[in-house]
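The values are calculated or read from the model by the stated rules, or taken from the named source; none is laboratory data. None of these values were measured; they are calculated from a predicted model. Here the Cβ is made from the backbone with ideal geometry for all residues, glycine too, and neighbour counts use every protein chain on show. Side chains are part of the model used for accessible areas, which takes the heavy atoms of the whole protein and leaves out ligands, DNA and RNA. Shrake-Rupley method; radii C 1.70, N 1.55, O 1.52, S 1.80 Å.
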Amino acid sequence: MRKLAVFMLLSTLALSGCKRKELEAALAETQAKLTKTEGELRDEQGKNKKLNEENTSLKDKIAQLEKDVARLGNEIKVLEEQNADLARKAGATADELKKLRDEKAKRLAELQVYKDLFAKLKSLIDAGTIQVEVRKGRFVVKLASSILFDSGKTDLKPEGQAALGNLASALKSLNDREWLVAGHTDNVPIKTAKFKNNWELSTARAVEVVQFLVTQGMPQGTLGAAGYGDVDPVADNTSEDGKAKNRRIEIVLMPLLGEIPGLKEMLTGGGGQS
């Protein structure tokens, strides 16, 4: 009887030992999962922080555009008052005053176009697909060549087609405006059987993008293509990062300049003919 009791005690201890090992193993596994999850959480927090910073930057840009719209609106009111006062003093006609008001209204409307377009492109900007800036007084949408083309090639890659397809949805909403698609390269010379230099490569890429945008519903009459080779860099070509920034496609919204006063008369009058 005593031997049976001892046997049962030893069996119980053995079972307890096994159970403890199982629990320790389960605890270790749970701890490992917790560590992994904490790491993933830190990674996601880092990504969210970056996105929040980018969104804050975009909100600041939109807020600045709204301020510009409001500022121009105030400028129009001030100018109208000034012009009315000048009209009284100088005898300006009602037509002349109307022309001044219309010019200011056009500037305000143009700024509103930029603001609305920026809002439509926001999701693509957030995703890093495109960059938007005002360069040389023009609204410019930039796409890196690496998204669109393989090195030295002009055939659009699938991800490039997807990016341009999404972009066209926003751009074709301005079907009464003209766009210039401009190809740019870095300063590394290219000379192949197909392309003698960077001018030819950049121009061929611009034409390829134009043709694809037309298939996405953009009117042919609103698009033009140009190649700038390496003569219009946006970064230093002495570094690989700078070269990558210079290899790009820019889609430029052409501004509405209006009619230059006196130009038509100059060309059709005595000064334009011999």
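Which residue, of THR268, THR192, is in contact with a Leu (Cβ under 9 Å, 6 or more places away or on another chain), at pLDDT below 95 and not small (Gly, Ala, Ser)?
Just a single option satisfies the conditions, and that option is THR192.
Might you let me know whether region 175-185 holds any residue that is more than 18 Å from the chain's Cα centre (by Cα) and modelled with pLDDT of 95 or more?
Yes.
(1) open to solvent by 30 Å² or more (accessible area, probe 1.4 Å); (2) at pLDDT 95 or above; (3) outside any helix (DSSP H, G or I): which one isn't true of PRO261, the others all being true?
Against the list (1) open to solvent by 30 Å² or more (accessible area, probe 1.4 Å); (2) at pLDDT 95 or above; (3) outside any helix (DSSP H, G or I), PRO261 comes up short only on (2).
Which pairs do you get when a residue that is hydroxyl-bearing (Ser, Thr, Tyr), found in region 129-153, comes within reach of a residue that is open to solvent by 30 Å² or more (accessible area, probe 1.4 Å), reach meaning Cβ atoms under 8 angstrom, with the pair 6+ apart or on two chains?
Close Cβ pairs (under 8 Å, with a partner that is open to solvent by 30 Å² or more (accessible area, probe 1.4 Å)) amount to THR129/ILE147; THR129/ASN166; SER145/ARG247; SER146/ALA244; SER146/ARG247.
Cβ-Cβ distance below 8 Å, separation of 6 or more or different chains: which pairs start in region 101-112 with a residue that is over 15 Å from VAL134 (Cα atoms) and open to solvent by less than 40 Å² (accessible area, probe 1.4 Å) and end on one that is of a type in the set (A, V, I, L, M) and part of a helix (DSSP H, G or I)?
Between residues of region 101-112 that are over 15 Å from VAL134 (Cα atoms) and open to solvent by less than 40 Å² (accessible area, probe 1.4 Å) and residues that are of a type in the set (A, V, I, L, M) and part of a helix (DSSP H, G or I), the close pairs are LYS104/LEU72; LYS104/ILE76; LYS104/LEU79.
Within region 127-231, which helices (runs of 4 or more DSSP H) (wholly inside it) include 2 or more residues that are of a type outside the set (D, E, K, R) and open to solvent by 70 Å² or more (accessible area, probe 1.4 Å)?
Numbers: elements: 145-148, 158-171, 198-215.
Output list reads 158-171, 198-215.
What is the one condition in (1) modelled with pLDDT of 70 or more; (2) over 30 Å from ARG107 (Cβ atoms) that LEU34 does not satisfy?
That leaves (1) as the condition not met.
Give the residues of region 135-149 that are modelled with pLDDT of 95 or more and farther than 30 Å from LEU111 by Cβ, sorted by residue number.
Correct list: PHE149 only.
Take ILE249 and decide whether it is of a type in the set (Val, Ile, Thr), at pLDDT below 95 and open to solvent by less than 70 Å² (accessible area, probe 1.4 Å).
Spelling it out, it is not the case that ILE249 is of a type in the set (Val, Ile, Thr), at pLDDT below 95 and open to solvent by less than 70 Å² (accessible area, probe 1.4 Å).
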